[in-house]
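These notes concern the structure reproduced below.
The values are calculated or read from the model by the stated rules, or taken from the named source; none is laboratory data. This structure is a prediction, so every number in the text was calculated from the model and none was measured. Because the Cβ atoms are built from the backbone with ideal geometry, glycine has one as well, and the counts that use them run over all protein chains shown. Side chains included, ligands, DNA and RNA excluded: accessible areas come from the protein's heavy atoms. Shrake-Rupley method; radii C 1.70, N 1.55, O 1.52, S 1.80 Å.
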Amino acid sequence: MQATSLRFCAVAGDATDPLTARAHNEPRHSYRGPFQRDRDRIIHARAFRRLAGKTQVFTHRYSDHFRNRLTHTIEVTQIARTVAAALELNEDLAETLALAHDIGHPPFGHAGEQALDRQLRARGMRFDHNLHALRIVEHFEQRYVEFRGLNLTLAVREGIVKHSHDYAPADHPELREYFLDRLPPLEAQSIDLADEIAYLTADIDDGIEADILSLDDLCCGVPLFADFYRQVEGKHPEAAGKLLFHEALKGMLNALVNDLIVTTHTNVTGAGIGDLEGVRRASRRLVQLSPAMEQRRREAKEYLFRRLYHAEDLDQSHAMAEETISGLFEHWMKHPEQLPETQQSQLEAEGAPRVVADYIAGMTDNFIADQWRLARR
Ligand code: MG
């Protein structure tokens, strides 16, 4: 791969950078930079620890070998750091955003998020995990005497809101400080595809381990994987199938990350962009895969939707997620007096649906299962 520095459009992150501003001024730390401090605040947050108890795709009934949201988050972080380092972007910012990228997710993976969103939609509201993550870092985490929340830098809060989605300024006046009329910095843009690369490859791995996917079917449905599998099989005809599988999957992951780095570099330099403001004012997101690799990515994603995410084997988990979340939501809407005191104290200001959704969204899989058992007594 060619040298690919994009340092000229990285977020500076030094003391003079307005993106390091915090809602409450704090003295500078003697040896940690602003984004390093934010990274440490995220890692020490309760919401971050709870990721260990949340489903990524497979609930714990499968086995302890499968990814949960915490191990997924660590994998995304490694990819985001690799990309940021190769492009000479702000590695501390990319790392912090990757660590925070899933803290707004409810229990039970995607099925849990859909169930929660359905409950809120029925009451004229929505559940959005990025906006929920912002509420967590601004309100729900309470660790400091002088302020509520984690008092994160502007760049980190902007990235939490915008890494995977562009919000229309007219629909979200409450987000006005996050430059909604402009694109986020490259560090934030990179998180969306780092996430996608991490889960596509990890879900293939876990899907094979769970015996829901088969190697033959995978080779037919995911050409990018098949290319690497044929290569390693040709090179090591005697090797065990499982090792060939891992080598091929590693090749696939590496090819996606390499392509992301090279294509992003080409997009930025090809558009003549010379600084962060140019990134923000570009006509489209610049962190992308090449058209050929994008096609490969889409094939892999469509395959996983067909064969894994909607597989019959996972139906039981999805139905349990729906029943638990909908059941508890409706239970607490009927009996708000049974909510813990902290949640009850927010009812007047926030309204019952939002308070119940926030409470449920924070739960781990085990905790919500216990709550559902108690509610049905
Ligand atoms: Mg993720």
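Data table
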item: Volume per residue that the Cα convex hull of the range 12-79 spans, once the total is divided by residue count, Å³; result: 127
item: Accessible area of the range 294-377 divided out per residue, in Å², using a probe of 1.4 angstrom; result: 56
item: At 0.692 mPa s and 37 °C, Stokes diffusion of the range 40-90 via Kirkwood alpha-carbon radius, µm² per second; result: 267
item: Two-decimal ratio, the range 43-176, of alpha-carbon radius of gyration to 2.2 N^0.38 Å; result: 1.11
item: DSSP-assigned coil residues among GluC sites (Glu not before Pro) in the range 88-185, each with at most 10 further Cβ atoms within 10 Å; result: E146
item: Equivalent ellipsoid semi-axes - Cα gyration tensor, the range 120-274, angstrom; result: 40, 21, 15
item: Whole-percent carbon and sulfur share, accessible surface of the chain, 1.4 Å; result: 49
item: Backbone HN-Hα couplings from phi across the range 26-32 [Karplus 6.51/-1.76/1.60, Hz, Gly and Pro as x]; result: 10, x, 5, 8, 5, 9, 9
item: Charged-residue dipole, Cβ positions (Lys, Arg, Asp, Glu), the chain about Cα centre, Debye nearest 20; result: 560
item: Linear extension gain, E322 paired with R126, 0.36 nm per residue minus alpha-carbon span; result: 68.9 nm
item: Pairs of lysine residues in the chain - Cα separation under 25 Å, sequence separation of 8 or more or cross-chain; result: 7
item: Average projection area in nm² (convex hull over Cα atoms of the range 274-352, one quarter of hull surface); result: 10.7
item: Directionally averaged projected area (convex hull, Cα atoms, the range 233-377), nm²; result: 15.6
item: Cβ-Cβ FRET estimate between E299 and N366, R0 fixed at 35 Å, reported to 0.05; result: 0.45
item: GluC sites (Glu not before Pro) within the range 303-359, DSSP loop, no more than 11 other Cβ atoms inside 10 Å; result: none
item: Relative contact order of the range 1-115, pairs being alpha-carbon contacts under 8 Å that are 6 or more residues apart, as %; result: 33
item: Summed residue charge, Cβ within 12 Å of N68's Cβ, Lys/Arg positive, Asp/Glu negative; result: 0
item: Length added when fully stretched, H172-A240, from 0.36 nm per residue minus Cα-Cα; result: 19.1 nm
item: Euclidean distance of C-alpha centroids, the range 90-169 and the range 246-317, integer Å; result: 22
item: Accessible area (Å², per residue) of the range 197-292, counting only protein heavy atoms and a probe of 1.4 Å; result: 46
item: Label-point separation in nm, H310 to D40, each point 7 Å along Cα→Cβ; result: 4.8
item: Where N is the number of residues in the chain, Cα Rg divided by 2.2 N^0.38 Å; result: 1.03
item: Most fluctuating residue given options E26, E196, E294, as computed from a GNM of the chain linking Cα atoms under 10 Å; result: E26
item: Per DSSP, loop trypsin sites (Lys or Arg not before Pro) in the range 227-291 with at most 15 further Cβ within 10 Å; result: R284
item: More than 19 Å apart - percent of Cα-Cα pairs taken over the range 261-314; result: 47
item: A292 paired with H24, simple spin-label distance in nm, labels 7 Å along Cα-to-beta-carbon; result: 5.4
item: Charge dipole (debye, nearest 20) of the range 122-199; +1 at Cβ of Lys and Arg, -1 at Cβ of Asp and Glu; result: 300
item: From the C-alpha gyration tensor of the range 117-203, square roots of 5λ in Å; result: 21, 19, 16
item: Rough spin-label spacing in nm, given labels placed 7 Å along Cα→Cβ, for H165 and S283; result: 2.7
item: P(r), alpha carbons of the range 1-118 - 10 Å bins starting at zero, rounded %; result: 13, 34, 30, 19, 5, 0
item: Average accessible area per residue (Å²) across the range 100-143 - probe 1.4 Å, nucleic acids and ligands excluded; result: 39
